[in-house]
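For reference, the structure is listed below as structure tokens.
Values in this text are rule-based calculations from the coordinates and carry no lab data. Everything quoted here is computed from the prediction, not taken from an experiment. No Cβ is skipped: glycine too gets one built from the backbone with ideal geometry, and neighbour counts run over all protein chains shown.
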Amino acid sequence: MECCNPAGPYTFAPADMDQVISLADQVECSLGLSISNNYWDNFIPDNAATSKELIFTIPNKRGAGVSGSVRSRYFCTLHYNAEALLRKGNAGGALTIVNELRAKRGAAALDSLDEKALLDERGRELYWEGWRRNDQIRFGTFTGSWEFKNASVDGHEVLYPIPATALASNPNLKQNAGY
């Protein structure tokens, strides 16, 4: 059953953004989270003990199963309410959070913040964490063109194809449009 176009546009209703802000604040407070002063503390061998930024961690040491690759750290860091404040119209509040983060990373403060600047900032802060595709889908840029990538004709690329083995083993599944 299709309920909406996966490529958007998304509404970002104020009530939804209020809930995002509230839930992010609750998680931050209940876990005692804060942005690390040193970004690379998120990836050192005792990252769970050193960084106050991480929610879910896998020990980053040899012989610990799936560790050894940054790509194995799912939902690694705390993502501030990086976006809900801006979408709700509180660009000043969002800018304050972004500039606090930039100060910890040794970057100059921004004078203003809009969606493009926030997407760029998230790209810099989360570049090791495999999150860019999700952000680009949400910000509406994933289906556009850039170097070595043509624009999408119908936006179907925001959903992955269902593997043939899954389709063959479950007659209730229907391949995602465009594949």
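Sorting the segments 23-34, 43-54 by their mean number of nearby beta carbons within 10 angstrom, highest to lowest, gives 43-54, 23-34.
Report the local net charge at Ala82: Lys and Arg +1, Asp and Glu -1, summed over other residues whose C-beta lies under 10 Å from its C-beta.
Working: positive: Arg122; negative: Glu83, Glu121, Glu125, Asp135.
Net of charged neighbours comes to -3.
Tell me the net charge near Ala91. Cut-off is 14 Å between Cβ atoms, Ala91 excluded, with +1 for each Lys or Arg and -1 for each Asp or Glu.
Details: positive: Arg87, Lys88, Lys116; negative: Glu83, Asp111, Asp114, Glu115, Glu121.
So the surrounding residues net to -2.
Highest average first, the peptides 85-94, 118-127, 144-153, 99-108 ordered by how many other beta carbon atoms sit within 10 Å of their residues are 85-94, 118-127, 99-108, 144-153. With θ taken as phi - 60° and the Karplus curve 6.51 cos²θ - 1.76 cosθ + 1.60 applied, the whole-hertz 3J(HN,Hα) list for the range 116-129 is 4, 5, 5, 4, 4, 5, 5, x, 6, 6, 10, 5, 9, 10 Hz, x standing for glycine and proline.
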